[in-house]
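Quick notes on the structure that follows.
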Amino acid sequence: MALQVYLNGKWVAKEEAKISVFDHGLLYGDGVFEGIRSYQGLVFRLQEHLDRLWESAHTLMLKIPMSKREMEKAIVETLRINKLLDAYIRVVITRGVGDLGLDPDKCKQPTIFIITDKIVLYPKSFYQKGLEIITVPTVRNLPEAVNPSIKSLNYLNNILAKIEAKNSGCAEALMLNHQGYVAECTGDNVFMVKAPKSSKGMSQVVTPPVYLGALKGITRQAIMDLAEARKYEVTETIMTRHDLFNADEVFLTGTAAEIIPVVKIDGRVIGTGKPGKVTEALLRDFHRLTRTDGVRYKIG
Ligand code: PMP
């Protein structure tokens, strides 16, 4: 059976899942989305993803014409119909069909679709050897202009950064904010690890505060919780490239990536140049968490 996509209350075959060229999601990137994962029949942090989706929509004054409970049911049903236990889930809500002007009030009905598919994993080498990333000239959107905390359909800022990284032979870009502080990567949050300050101390796990221009990542929060459970010193602190260059470990977090070690930034080797112990411990904890924590569903 062809992959079934939820589209405005119905399930249709992938080939039939089409939307209008007058949809403002397409014409203007006017809409919101979430990327979610399920692991062995458990949807990871579904409530948190729905909360973020509703918050993004609220800021855009886009009223989602269903409840969170109904959305949860639609997501789980889409997974069941497609018989997917390990999946990547994309939930999209656009402003809907309007005319060629910007006016969102002309769009009477939001378009809602849910795609569930097999998860495409990043190459194993990313995790075994670690990534080399590069700082790109495109700065992260100003929070006062398009706040990066809104997970909107307008990803050009990130795409420009991705193009610049790829032009330089790197898979991922480090994005700074307009003041030159570290913000995040194009689709992942960034963390650094510093060795304990004293022999009795614990490692420090640090990530930039989201108000500097980052998405409030669900994986980011899960990693902060896991790091605290390990009694690491977890802080949200302003950081520069210099801080990252001199960290003992750096890693990225995101729904698709989970945790990817970074071993080189702008030509500077990070720590030993290999994925670090803290990164690896947190990745193990994260894998355990995804197998125990989530909204359970059955197929067949
Ligand atoms: N930053 C950006 C810009 C993102 O698009 C994402 C999601 N891919 C993240 C960070 C990570 O967020 P999450 O852990 O919720 O997937």
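Read-outs throughout are calculated quantities, based only on the coordinates presented, and are distinct from any laboratory measurement. Predicted model only: the values in this text are computed from it and were never measured. So basically every Cβ, Gly included, is an ideal-geometry build from the backbone, and we count neighbours across all protein chains shown.
Here are a few things to note about the model shown:
- Counting only residues that are within 16 Å of the ligand (Cβ to nearest atom) and touching a Leu at 6+ places or on another chain (Cβ under 7 Å), the stretch 262-286 holds 4 of them.
- Residue within the stretch 73-88 that is surrounded by fewer than 16 Cβ atoms within 10 Å (Cβ to Cβ) and under 20 Å from residue 222 (Cα atoms) present: yes
- For the stretch 200-222, a residue qualifies if it is under 26 Å from residue 38 (Cα atoms), buried (at least 21 other Cβ atoms within 10 Å of the Cβ) and of a type in the set (A, V, I, L, M, F, W, C), and the qualifying residues are 214, 215, 218, 222.
- The residue of the stretch 1-25 that is farthest from residue 151 (Cα to Cα), among those that are in a strand (DSSP E or B) and among the aromatic types (Phe, Trp, Tyr), is 11.
- Qualifying residue in the stretch 91-108 (condition: closer than 16 Å to residue 256 by Cα, surrounded by 15 or more Cβ atoms within 10 Å (Cβ to Cβ), within 16 Å of the ligand (Cβ to nearest atom) and within 17 Å of the chain's Cα centre (by Cα)): yes
- Taking first residues from the stretch 182-210 that are of a type in the set (Gly, Ala, Ser) and partners that are part of a loop (DSSP other than H, G, I, E, B) and away from the ligand (no atom under 13 Å from the Cβ), the Cβ contacts under 6 Å between residues at least 6 apart in sequence or on separate chains come to 195/248; 203/196; 203/232.
- Against the conditions (1) surrounded by fewer than 21 Cβ atoms within 10 Å (Cβ to Cβ); (2) β-branched (Val, Ile, Thr); (3) within 12 Å of the ligand (Cβ to nearest atom); (4) closer than 30 Å to residue 7 by Cα, residue 120 satisfies every one except (3).
- Test for residue 226: is it within 16 Å of the ligand (Cβ to nearest atom) and buried (at least 23 other Cβ atoms within 10 Å of the Cβ): no
- The stretch 152-171, subset within 11 Å of the ligand (Cβ to nearest atom) and in contact (Cβ under 8 Å) with a residue 60 or more places away in the chain, residue surrounded by the most Cβ atoms within 10 Å (Cβ to Cβ): 152
- The residues in the stretch 266-283 that are more than 12 Å from residue 205 (Cβ to Cβ), surrounded by fewer than 22 Cβ atoms within 10 Å (Cβ to Cβ) and aliphatic (A, V, I, L, M) can be counted, and the count is 2.
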